[in-house]
Amino acid sequence: DGPITLSIKPGTGTEGAVLNGTTTVNCVEYYAIFTDLSIDKAGHNYVLTATSPGLIPGDSEAFDVAEAASSLVFEVQPGRWCESGLGTQPIVAAKFNDGTTANYFSGPVTISIKPGSGTPGAVLGGNRTKNCINGRAAYENLSIDKAGAGYVLTASSPGLASGDSQPFDVVTRYTVYAWGLN
């Protein structure tokens with residue numbers, strides 16, 4: 001029932017990677033439970049070594065650390081809308097630093113009207129929060145209740161840099177009547 005220390009085995013994973021968190025835990029009934037460990041660099045074939053005074057060190061199985069998604073990007077920009085919500089609905093993707101899509105990401109992405117854009121007091125309706133599938137959140141039923149120019153949508157998700165859409169307009173839906181001549 002002594003302390004166990006974990007470290008990255010030299011020559012495994014990505015050179016210069018650091019194991020963060022509580023790396024030394026006391027054993028309780030022959031078990032040491034580590035709850036807050038992370039590795040700061042993505043890479044392949046990491047191996048952790050466990051050491052304890054008076055015991056032979058032991059190695060884990062090799063494992064990979066995936067790069068974390070870093071930001072959100074509008075892959076499909078919202079198009080010109082009318083107040084009923086008709087128009088091009090956006091698709092937002094979680095991206096790595098190199099710009100590729102984080103296909104494993106399945107977290108929630110929430111869309112909102114960027115403050116200061118469009119018409120003051122406008123409300124974004126519809127299902128504003130979607131969970132990503134294969135790193136993408138596709139929206140189907142968003143609408144904005146006030147006509148105006150220069151609307152910008154912001155996509156956000158915990159732990160990721162938010163992303164803004166390109167500006168777009170919302171036009172009033174109206175009916176055109178044809179007057180006949182007698």
Matching residues, the stretch 116-135, being in contact with a Gly (Cβ under 9 Å, 6 or more places away or on another chain) and in a strand (DSSP E or B): GLY125, ASN131
Breaking point among (1) closer than 30 Å to ASP145 by Cβ; (2) touching a residue at least 12 places away in the same chain (Cβ under 8 Å), for PHE34: (1)
Among the residues listed as ALA66, ALA102, ALA147, the single one being under 30 Å from LYS9 (Cα atoms), more than 10 Å from the chain's Cα centre (by Cα) and hydrophobic (A, V, I, L, M, F, W, C): ALA66
Any chance ALA94 is assigned to a strand (DSSP E or B), under 27 Å from the mean Cα position of the chain (by Cα) and surrounded by 16 or more Cβ atoms within 10 Å (Cβ to Cβ): yes
Residue list for the stretch 107-164, restricted to those being closer than 15 Å to ALA93 by Cβ, open to solvent by 40 Å² or more (accessible area, probe 1.4 Å) and hydroxyl-bearing (Ser, Thr, Tyr): THR110, SER156, SER162
Tally, over the stretch 9-50, of residues that are of a type outside the set (Phe, Trp, Tyr), open to solvent by less than 60 Å² (accessible area, probe 1.4 Å) and not in a loop (DSSP other than H, G, I, E, B): 8
Pairs where the first residue, in the stretch 50-74, is at positive phi and free of Cβ contacts under 8 Å to residues at least 60 places away in the same chain and the second is open to solvent by less than 30 Å² (accessible area, probe 1.4 Å) and of a type outside the set (Lys, Arg), C-beta under 9 Å, 6+ apart: GLY54/GLY2
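The values are calculated or read from the model by the stated rules, or taken from the named source; none is laboratory data. Not measured: the values here are computed from a predicted model. As a convention, Cβ positions derive from the backbone with ideal geometry for all residues, glycine included, and neighbour counts pool all protein chains shown. Protein only, heavy atoms only, side chains kept; ligands, DNA and RNA dropped before computing areas. Shrake-Rupley method; radii C 1.70, N 1.55, O 1.52, S 1.80 Å.
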